[in-house]
Amino acid sequence: MTSTAEKVRQLAPHWAVMFIVMFVALAGVERVAGGLGLAASLAIVFVIAVAYPVAVRALGVAPPVWRR
């Protein structure tokens with residue numbers, strides 16, 4: 001079994017990239033569509049949070065704790 005510290009070490013770079021993608025997506029959508037409401041912002045963040053691990057697995061660069 002993988003320790004919590006090892007899981008965090010494996011996931012930290014992916015969390016950082018995912019948060020950067022979220023901020024860039026939110027800024028891009030806000031620039032194009034104007035001000036976003038809270039619900040729309042949360043929907044965008046949720047979609048990215050769900051899609052990022054799927055995309056990383058499909059590209060074959062997922063950390064071991066995300067591989068099945």
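The values are calculated or read from the model by the stated rules, or taken from the named source; none is laboratory data. Since we're looking at a predicted model, the values are computed, not measured. Positions of Cβ are backbone-derived with ideal geometry, glycine not excepted, and every protein chain shown enters the neighbour counts. The protein model used for the area step is the full one, side chains on, heavy atoms only, and it has no ligands, DNA or RNA in it. Shrake-Rupley method; radii C 1.70, N 1.55, O 1.52, S 1.80 Å.
When the Cα positions of LEU36, PRO63, VAL17 are compared along the charge dipole of the chain, PRO63 comes out farthest toward the positive end, with charges on each C-beta of Lys, Arg, Asp and Glu. Rounded to the nearest 20, the Cβ-based charge dipole of the chain about its Cα centre (Lys and Arg +1, Asp and Glu -1) stands at 260 debye.
In terms of overall dimensions, the chain has a Cα radius of gyration and Dmax of 14.3, 47 angstrom. Axis angle, to the nearest 10 degrees, between helix 38-59 and the longest C-alpha principal axis of the chain: 40 degrees.
Taking the accessible area of the chain, probe 1.4 Å, and keeping the other protein chains in place, the carbon and sulfur fraction comes to 72%.
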